[in-house]
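Following: one structure in structure tokens, then a few remarks.
The values are calculated or read from the model by the stated rules, or taken from the named source; none is laboratory data. Because the structure is a prediction, the values reported are computed rather than measured. Glycine also receives a Cβ, built like all others from the backbone with ideal geometry; neighbour counts cover every protein chain displayed.
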Amino acid sequence: MSAHLTQHRIAAALAAATQPEGERPWTLLLTKAPTTHVDVRTVIYRAEHPEDVYFLPETDEPTRQAEASRARIVQDLARRDGYLAALAAAEHLLSTTPVLPVRVEVSLAEWDNGPSIILTFHKAPEAVRLFATHVGTEVAERPHGERSVRTETFGVTESGIPFEAYALTDAPAVTE
């Protein structure tokens, strides 16, 4: 999860949020808000699967639901931090690279532990090579389907965000 996720920041987010009706008030919860991906997902799972008594401690339904709504807020804070870190990394890549992609994608699925960046260079494998030289990564070419070649490079930004850059081109015609 996010390195910026502190109990103080979580408390501020909870103070600004509206708690769903029927839950125990967050201020009365005896547990600290979860700050790791595993802990957040566990709390949410417990609330969504009350029949799974193996994982369920002795808590009542309003408490489980309050802990889960609080965990969802923590998850959203961490995801927001992940997006902002990836956008900052993408901005740095774009501001320094000698070649510009035609598309930049920043993604972060809610079950992932972090964001990623994808840069697409439309039918420009040489641009991928220039980009790779600039960021210090290796380039590979591999078949993509029956009629295309994918020129690609993978790496991690200085801030720890994984990225990939690629170009698809037509495969050379096979002569018989």
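For the stretch 1-25, name all the residues that are within 20 Å of the chain's Cα centre (by Cα) and among the hydroxyl-bearing types (Ser, Thr, Tyr). Hits for the stretch 1-25 are 2, 6.
Scan the stretch 1-42 residue by residue and report those that are among the hydroxyl-bearing types (Ser, Thr, Tyr), over 22 Å from residue 160 (Cβ atoms) and either at pLDDT below 90 or not in a loop (DSSP other than H, G, I, E, B) (or both).
Taking the stretch 1-42 and keeping what is among the hydroxyl-bearing types (Ser, Thr, Tyr), we get 2, 6, 18, 27, 31, 35-36, 42.
This time we only want the ones that are over 22 Å from residue 160 (Cβ atoms), so: 18, 27, 31, 42.
The answer is 27, 31, 42.
Here residue 72 passes the criteria (1) surrounded by fewer than 20 Cβ atoms within 10 Å (Cβ to Cβ); (2) part of a helix (DSSP H, G or I); (3) in contact with an Asp or Glu (Cβ under 8 Å, 6 or more places away or on another chain) except the one numbered (3). Checked against (1) within 25 Å of residue 42 (Cβ to Cβ); (2) hydrophobic (A, V, I, L, M, F, W, C); (3) part of a helix (DSSP H, G or I), residue 128 passes all but condition (1). The residues in the stretch 26-49 that are among the charged types (D, E, K, R) and more than 18 Å from the chain's Cα centre (by Cα) can be counted, and the count is 3.
Picking from residues in the stretch 3-48 that are of a type in the set (Ser, Thr, Tyr) and within 13 Å of residue 73 (Cα to Cα), the one that is surrounded by the fewest Cβ atoms within 10 Å (Cβ to Cβ) is 18. Any idea which residue in the stretch 91-134 is farthest from the chain's Cα centre (by Cα), counting only those that are under 30 Å from residue 16 (Cα atoms) and in contact (Cβ under 8 Å) with a residue 40 or more places away in the chain? Across the stretch 91-134, the extreme among qualifying residues is 111.
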